[in-house]
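Engineer: Below are the structure tokens for one structure; questions will follow.
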Amino acid sequence: MKHIVVAIVGLLCCSLTAAETVNRYSVAHTRHRDADMVVVRIDGRFFNADLKTQARWYTDIQSCVRSVKLRGTVILVSGANGRFQFYGPNTWHSFLKTIDMAWVNARLNKEMTCHF
């Protein structure tokens, strides 16, 4: 019986590990007007999700940013289909409307791996 319990626990652990995904992100860790920013380049499919899902993903990426010891406001950006899109705090929207993917790409200086 003990061996059966150990086998079941082992299978459960393996299935939980298999459910985890590993995502790599290019990051621009930069400053704007004395404020640190962590601009994370993401896949454009993010913006096709509903707002609740976007908020959950944003929180997950924020947690990942903190786990790799980066400081600053987290901004998610994509340039899919030639259209610059961003997700971040409303207080940053006026600034984010003035930049594009060329600006972001010129500042990419880190890679980040997240386990979700």
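Read-outs: derived from the displayed coordinates by stated rules, not from any lab. Keep in mind that this is a model prediction, so the values were computed, not measured. Neighbour counts run over all protein chains shown; Cβ positions are idealised from the backbone, glycine included.
Engineer: Can you give the local net charge around HIS93? Use residues other than it whose beta-carbon is closer than 15 angstrom to its beta-carbon, Lys and Arg +1, Asp and Glu -1.
Structural biologist: +1
Engineer: Arrange the following residues from fewest to most other Cβ atoms within 10 Å of their Cβ: LYS110, LYS97, LYS69.
Structural biologist: Details: LYS110 14, LYS97 10, LYS69 6.
Going from least to most buried by this count: LYS69, LYS97, LYS110.
Engineer: As a footprinting exposure proxy, order SER67, SER26, SER94 by other Cβ within 10 Å, with the fewest listed first.
Structural biologist: Lowest count first: SER94, SER67, SER26.
Engineer: Hey, another quick one. Using θ = phi - 60° and the Karplus curve 6.51 cos²θ - 1.76 cosθ + 1.60, what whole-Hz ³J(HN,Hα) does each residue of segment 73-88 get, with Gly and Pro shown as x?
Structural biologist: Rounded to whole hertz, the list is 6, 8, 10, 9, 9, 8, x, 4, 6, x, 10, 7, 10, 9, 9, x.
Engineer: Still on this structure, I have one more. So who's got an amide H within less than 5 Å of the one on MET37, skipping anything under 5 residues away but keeping other chains? H placed 1.01 Å off N, in plane.
Structural biologist: THR30, ARG31, HIS32, THR73
Engineer: Mind checking the full-extension length gain between SER26 and ARG66? Use 0.36 nm per residue of separation minus the Cα-Cα distance, one decimal, nm.
Structural biologist: That works out to 12.9 nm of additional length.
Engineer: Also: For segment 21-115, what class follows from the C-alpha gyration tensor (a ≥ b ≥ c being the square roots of its eigenvalues): rounded when a/c is under 1.5, otherwise prolate if a/b is larger than b/c, else oblate?
Structural biologist: Verdict is rounded for segment 21-115.
Engineer: Could you list LEU96, LEU51 so that the one with the fewest beta carbons within 10 Å of its beta carbon is first and the one with the most is last?
Structural biologist: Details: LEU96 20, LEU51 8.
Result, fewest neighbours first: LEU51, LEU96.
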